[in-house]
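See below for the structure under consideration.
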Number of protein chains: 2
Amino acid sequence: MDDDLAISALAALAQKDRLATFRLLVSAGEQGLPSGQIAERLNIQPTRMSFHLSALERAGLLRTHRDGRRIFYAVSYAVMKDLLEFLTKDCCSGHPEICCDLGPQHTETMATRL
Amino acid sequence: MDDDLAISALAALAQKDRLATFRLLVSAGEQGLPSGQIAERLNIQPTRMSFHLSALERAGLLRTHRDGRRIFYAVSYAVMKDLLEFLTKDCCSGHPEICCDLGPQHTETMATRL
DNA sequence: TCCATATTTCAAGAATTCTTGTAATATCGA
DNA sequence: TCGATATTACAAGAATTCTTGAAATATGGA
């Protein structure tokens, strides 16, 4: 991931409505949710919702598919993963004060194998 | 870390000059670098540098100390760590597609122990 | 085809962020 | 104290982002 892409992903998440949207869609799983339902749950009017959804999509954090007249938005994991990798490796050079204790599923390995 | 703090840290990093600054200061280590030297290395004029440094500091990502007439800026690891934890845990619910392979020091464990 | 629903596009104004130049503050050394 | 250096503060304009309302597009069902 290059700097420009990272910056656009960071900027996409750096906004209340969009952060809430992303988090909601993480919990919504593979299929995602239609625009209107996201708007309703987060109490955001449709036009504004559309504006923020397209910002997240432009940054590559969401993908869409149409089902009838609804357009579903779902998290696109690859870019989020790249962003976290960018932050830990490219940006922080894997600095241990910053990066240890991330990747929670590995702790099990350490506990079980000792 | 609450949402507002996360948003301000994300926004702080979502800008070319500031991202470059943060990265430079990670490589500069504990003592950091004086404002003027950061500006010179990144080819940014002093006033603008000061503006961006104070944005990073306000977000908690940098700390400062004065030495004579120079003001040193250095990375404040705690907030960056909190931000990464926020993104992996609060925001992504530790979703494995996103969070695995982070925390690079664990991979050694897997390779060596098998 | 006609109407209702779901969503986006467009345009205008408000708010925020960024840049630049100038002035102010702090420190050091003579 | 004076002059030079390092940095920040302030102010004004430029650029970008955000919000809102009105209109356009796409789809499904009667």
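The values are calculated or read from the model by the stated rules, or taken from the named source; none is laboratory data. Just so you know, these numbers come straight off a predicted model, no measurement behind them. With ideal geometry, Cβ positions are generated from the backbone for all residues, glycine too; neighbour counts draw on all protein chains shown. Just the protein is used for accessible areas: all its heavy atoms, side chains included, with ligands, DNA and RNA removed. Shrake-Rupley method; radii C 1.70, N 1.55, O 1.52, S 1.80 Å.
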Residues satisfying the stated conditions in segment B:50-75, i.e. crowded, with 19+ Cβ neighbours inside 10 Å and not in a strand (DSSP E or B):
B:His52, B:Leu53, B:Ala55, B:Leu56, B:Ala59, B:Leu61
Is it true that some residue in segment B:8-24 is acidic (Asp, Glu) and farther than 20 Å from A:Met1 by Cα?
no
Hey, A:Leu13 within 16 Å of DNA strand D (Cβ to nearest atom) and either among the β-branched types (Val, Ile, Thr) or facing chain B (nearest Cβ under 10 Å) (or both) or not:
yes
Which residues, taken from segment B:64-94, are within 13 Å of chain A (Cβ to nearest Cβ) and among the charged types (D, E, K, R)?
B:Lys81, B:Asp82, B:Glu85, B:Lys89, B:Asp90
Quick check on segment A:21-37: of everything there that is within 14 Å of DNA strand D (Cβ to nearest atom), more than 8 Å from every other protein chain (Cβ to nearest Cβ) and not in a strand (DSSP E or B), which residue is least open to solvent (accessible area, probe 1.4 Å)?
A:Thr21
Based on this model, can you work out whether A:Thr47 counts as within 14 Å of DNA strand D (Cβ to nearest atom), open to solvent by 30 Å² or more (accessible area, probe 1.4 Å) and within 16 Å of the chain's Cα centre (by Cα)?
no
